[in-house]
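Here's the structure we're looking at; comments come further down.
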Amino acid sequence: MKTRTILAMMTLVGALLGTHVSAQEQQSSDTKAKVYFTRDLSPDGLLKLYRKVNGEISGKVAIKWHSGEPKGPNILPIPMVKALQNSIPNSTLVETNTLYPGARQTTQQHRETLKVNGWTFCPVDIMDEDGTVMLPIKGGKHFTEMSMGKNILNYDSMVVLTHFKGHAHGGFGGSIKNIAIGCADGKIGKDMVHGLHGQKVEGNPYPAQKAHLMEHMVESAKATIDHFGKKITFINVMRNMSVDCDCAGISAERPKARDVGILASTDIVALDQACLDLLDKLPEDEKHDLQERIRTREGERQLEYGEEMGLGTRQYELVEVE
């Protein structure tokens with residue numbers, strides 16, 4: 001995987017090795033997005049980064065995170081999520097039900113799983129509990145609209161809090177995946193993203209694969225981003241980075257990569273790209289399995305197509321926050 005710019009490469013190496021990058025080296029043009037980075041994987045570290053990217057967040061706020069299957073070993077720590085939710089006035093954790101059979105396929109099952117995993121410190125809105133809504137997709141080549149949990153309409157802003165890790169179909173799960181699949185409702189939207197406009201292929205319940213799936217995901221993410229406009233921001237937490245998503249639950253592969261830190265940006269493409277670049281700086285034995293998962297699923301197509309669709313830019317400046 002190639003680093004997008006010489007500046008980004010220099011800054012990334014400095015971040016991992018603890019070396020200083022000069023102000024001159026950090027200068028960037030207006031076309032580069034700012035991605036903030038801290039190695040402080042604590043609630044305080046998360047809040048420091050959130051304050052860097054929350055300028056447009058106001059009103060009733062949805063915090064889109066991943067609730068995880070029961071007793072999943074790699075889900076985000078409760079104190080971290082709780083600290084963020086407590087710091088954002090009028091905020092609610094939001095999720096949607098799953099397409100696949102499991103412990104979150106129905107609202108009743110999902111609410112039981114929330115209790116098992118400890119997500120009881122505030123109300124949780126399962127956005128498709130009361131139905132669905134179609135949000136338009138501007139400029140999509142696969143879809144003109146995407147089916148979402150209806151309750152997404154109840155919020156003025158969205159904070160996307162993502163556990164960055166692998167994903168069985170998407171290669172990796174960053175912020176794009178979090179809202180692309182995570183805001184789509186469990187019965188219609190997720191079927192649209194994973195399938196061919198609802199058409200099933202015998203023996204393969206999720207026929208959209210590799211680049212095709214990545215493009216579906218990007219278009220679904222665009223529906224949510226266009227809906228909130230500037231009132232959406234993104235945070236990725238690089239810890240417990242298994243090759244498997246948190247939807248794998250207790251069967252998830254044990255992480256081999258070390259914990260890296262937290263990244264935040266108002267640019268979803270730049271943020272996910274920066275995470276891939278930081279992953280690429282790890283020793284081969286730590287990064288190999290996750291990178292192989294990404295490569296074999298053509299996961300980087302998420303970022304290529306995201307840039308093509310105007311979700312953001314792969315050119316960025318990494319700004320370390322102490």
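What follows draws every value from the coordinates through simple rules; no lab data is involved. From a predicted model like this one, the values you see are computed outputs, not experimental measurements. When we count neighbours, we look across all protein chains shown, and the Cβ atoms used for this are built from the backbone with ideal geometry, even at glycine.
Of note:
- Per-residue Karplus couplings for segment 157-172, computed as 6.51 cos²θ - 1.76 cosθ + 1.60 with θ equal to phi - 60°, are listed in order as 9, 9, 10, 9, 9, 10, 7, 6, 6, x, 8, 4, 9, x, x, 9 Hz, Gly and Pro entered as x.
- Three-way shape call for segment 216-264 based on the alpha-carbon gyration tensor, with the a/c threshold at 1.5: oblate
- Oblate is the label for segment 258-322, because the ratio a/c of its alpha-carbon gyration tensor axes (a ≥ b ≥ c) is 1.5 or higher and a/b is not greater than b/c.
- Computed over the chain, the convex hull of the alpha-carbon atoms projects to a mean area of 14.8 nm².
- A Förster distance of 25 Å, applied to the separation of the beta-carbon atoms of Ile78 and Asp130, puts the FRET efficiency at 0.40.
- Overall form of segment 164-322: oblate. Here a/c, set by the Cα gyration tensor axes a ≥ b ≥ c, is 1.5 or more, and a/b is not larger than b/c.
- Additional length obtainable on full extension of the chain from Ala168 to Lys256, 0.36 nm per residue less Cα span: 30.0 nm
- Leading residue at positive end of dipole, segment 24-181 (Cβ point charges), from Ile75, Val116, Ile63: Ile75
- Label-to-label distance for Glu304 and Glu112 is 4.3 nm, based on points extended 7 Å past Cα in the beta-carbon direction.
- Computed extension gain for Lys187 through Asp226, at 0.36 nm per residue and net of the alpha carbon distance, reaches 11.8 nm.
- With a Förster radius of 45 Å applied to the C-beta separation of Asn90 and Asp285, the computed FRET efficiency comes to 0.50.
- Rel. contact order, % - alpha carbon contacts under 8 angstrom, at least six apart, segment 226-322: 27 percent
- Charge dipole (Cα centre; +1 on Lys/Arg Cβ, -1 on Asp/Glu Cβ; no other charges) of the chain amounts to roughly 280 debye.
- Calculated mean residue ellipticity at 222 nm for the chain: -10500 deg cm²/dmol, from DSSP H runs with n ≥ 4 weighted as -39500 (n - 2.57), summed, divided by the residue count and rounded to 500.
- Spacing of the two label points (7 Å from each Cα toward its C-beta) at Asp156 and Ala211, in nm: 4.3 nm
- Sequence-distant residues sharing a close amide H with Met146 (under 5 Å, placed H): Leu135, Ile137
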